[in-house]
Amino acid sequence: MPVPSSVQHIPGQPPVVHYGTVPDARLGVSYEYHLYVHCGIHTAQFAGRTWIAQPEAADPLTAETEIGPDQHLAGSMTLATPDIAVFRWPGGSAQFEPVAAPQGLCA
């Protein structure tokens, strides 16, 4: 069972953009996470950093993937190493690496 997390509000963005992050995540602990997937799986805010999917996946989601009405995919995020975060949802997973600058939501 993932550790519950809290809503992160980012100035200038709707509060639902990056829901469920933990600024001080511990290695190997899975945290409840709702990833914004309006344009597929691209970026995440987690453990006080911005992350990008590697390899960046335009849309690894299937028609059976249950995406909430606010365009979030419920799952868990785990800090596997200091520079690798893994998001898991029923039916899949995506690996993320940190980036220096925040990324746009959609191209």
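The values are calculated or read from the model by the stated rules, or taken from the named source; none is laboratory data. For clarity, every value in this text was computed on a predicted model and none was experimentally measured. Cβ sites come from the backbone with ideal geometry, for glycine too, and all protein chains shown count toward neighbours.
Miscellaneous remarks
- Evaluating residue 105 against the criteria (1) surrounded by 14 or more Cβ atoms within 10 Å (Cβ to Cβ); (2) more than 10 Å from the chain's Cα centre (by Cα); (3) at pLDDT 60 or above leaves one unmet condition, (3).
Table: residues versus (1) aromatic (Phe, Trp, Tyr); (2) surrounded by 14 or more Cβ atoms within 10 Å (Cβ to Cβ); (3) modelled with pLDDT of 80 or more.
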{"position": "1", "(1), (2), (3)": "no, no, no"}
{"position": "7", "(1), (2), (3)": "no, no, no"}
{"position": "16", "(1), (2), (3)": "no, yes, no"}
{"position": "21", "(1), (2), (3)": "no, yes, no"}
{"position": "27", "(1), (2), (3)": "no, no, yes"}
{"position": "31", "(1), (2), (3)": "yes, yes, yes"}
{"position": "34", "(1), (2), (3)": "no, yes, yes"}
{"position": "37", "(1), (2), (3)": "no, yes, yes"}
